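K.L.:
Supplied in structure tokens, the structure appears directly below.
The values are calculated or read from the model by the stated rules, or taken from the named source; none is laboratory data. All of these numbers come straight from a predicted model, not from anything done at the bench. Glycine also receives a Cβ, built like all others from the backbone with ideal geometry; neighbour counts cover every protein chain displayed. Just so you know, the surface numbers come from the protein's heavy atoms only, side chains and all, with ligands and any DNA or RNA stripped out. Shrake-Rupley method; radii C 1.70, N 1.55, O 1.52, S 1.80 Å.
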Amino acid sequence: MSLLRGNHGVFRSGKTAGSFLLDQVGVAASAAYSVRKLRSGYSGNCIRVRRSSDNAEMNIGFSGNDLDTATLLSFVGGGNGFVTTWYDQSPSGLDATQTTGSSQPQIVTSSSLITQNGKPAIQFFSTGNTRLTFSGVSSSTDFSSFCVLRKVGAGDRICPLGNTSSLIPFSNYTYHDQSVYISNSTQYRQFLAGAVTTQTQYSHFNASSVQSLYEKGSLKTLLNAVNQTGATTFNVVGNRNGESTVGFIQEILYFNSSLLNSRVLVETNINQYFQIY
């Protein structure tokens, strides 16, 4: 039996490493997008893909707990594959879609799967206002969000969850000027991340109006809060008010409750799968 090692210790593959994350948490997510299967009760697909050769589309499901990359690559063939829908695996059914071809993120390039650290990744670009939109999730007093991502350049921005008409969405991690910004719709805080262009994982919590940010399991020091009203919902993946992500997103989870007490459990499961740190 193989061993997986992270900064939380050593874990045996099998029940713990292979368990569905949302089953472990025991709290229903309000939105959940990933390149892996997140809960045993989810019977839908992972993504819907358009191939460049003839613009035909196909739903791509899972092989075990993973994206069915064999079916994906067979369907796309020698060209490129673009994501038209990233299916929401939460009970909310908030599938994130994009019908405009030039605004669709990419999953296959020239017959090769786009990956980060050996796992499939959805790539967003500065051109074409790349984004996936959904009907929206309203803000709550307490919330938790988790993401796995990588921006391309030090000056690029990456926004897993945003709002189509606000620069200050309810919950976001926005890289630019080598910082990470988090918001709860009434104030934002800043973390001076530096020129980080490697795959990373962030956890953002709002508990009784107090925000906290963890990077790869470590609590980060935030600058003083700036009170500024923003959107009270988020409704877009990979964008905020027309500002596109330049980078890769592999997983986004949002809960309308504080999961601070379950943080280590969630981060451990994420790291076991993506092997980030």
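K.L.:
Give me a comma-separated list of calculated 3J(HN,Hα) values for region 246-253, in order, Karplus coefficients 6.51, -1.76, 1.60 applied at θ = phi - 60°, integers in Hz, x for any Gly or Pro.
P.N.:
Running phi through 6.51 cos²θ - 1.76 cosθ + 1.60 with θ = phi - 60° gives 10, x, 10, 10, 10, 7, 9, 10 Hz.
K.L.:
Next question. Using a Förster distance of 35 Å, how high is the FRET efficiency between SER262 and SER126, based on the Cβ-Cβ distance and rounded to 0.05?
P.N.:
Working: r = 35 Å, r/R0 = 1.01.
Result of the calculation: an efficiency of 0.50.
K.L.:
Check the chain and count each lysine pair with an alpha-carbon distance under 25 angstrom, considering only pairs eight or more places apart or from different chains.
P.N.:
10
K.L.:
Where only protein heavy atoms count, and the probe is 1.4 Å, what is the accessible area per residue for the chain in Å²? Before the final figure, lay out each step's value.
P.N.:
Values: 10640 Å² over 277 residues.
In whole numbers, the chain has 38 Å² accessible per residue.
K.L.:
Rounded to the nearest percent, how much of the accessible area of the chain (1.4 Å probe, protein heavy atoms only) is carbon and sulfur?
P.N.:
Values: 4760 of 10640 Å².
Of the solvent-accessible surface of the chain, carbon and sulfur hold 45 percent.
K.L.:
What is the sum of charges, Lys and Arg at +1 and Asp and Glu at -1, for the other residues whose Cβ falls under 11 Å from the Cβ of TYR214? It would help to have the intermediate numbers written out before the result.
P.N.:
Values: positive: LYS216, LYS220, ARG263; negative: GLU215, GLU267.
That works out to +1.
K.L.:
Take ILE114 and ASN59, extend 7 Å from each Cα along the Cα→Cβ direction, and tell me the distance between the two endpoints in nm.
P.N.:
Spacing of the two 7 Å Cα→Cβ label points: 2.3 nm.
K.L.:
Please label the shape of region 180-277 as rounded, prolate or oblate, based on the square roots a ≥ b ≥ c of the eigenvalues of the alpha-carbon gyration tensor (a/c under 1.5 means rounded; beyond that, a/b larger than b/c means prolate, else oblate).
P.N.:
Since a/c stays below 1.5, the shape of region 180-277 is classed as rounded.
K.L.:
Long-range amide H contacts for ASN163: which residues qualify at under 5 Å (H placed 1.01 Å from N, peptide plane, sequence gap of 5 or more or a different chain)?
P.N.:
Residues meeting the amide H criterion: ASN235, ASN241.
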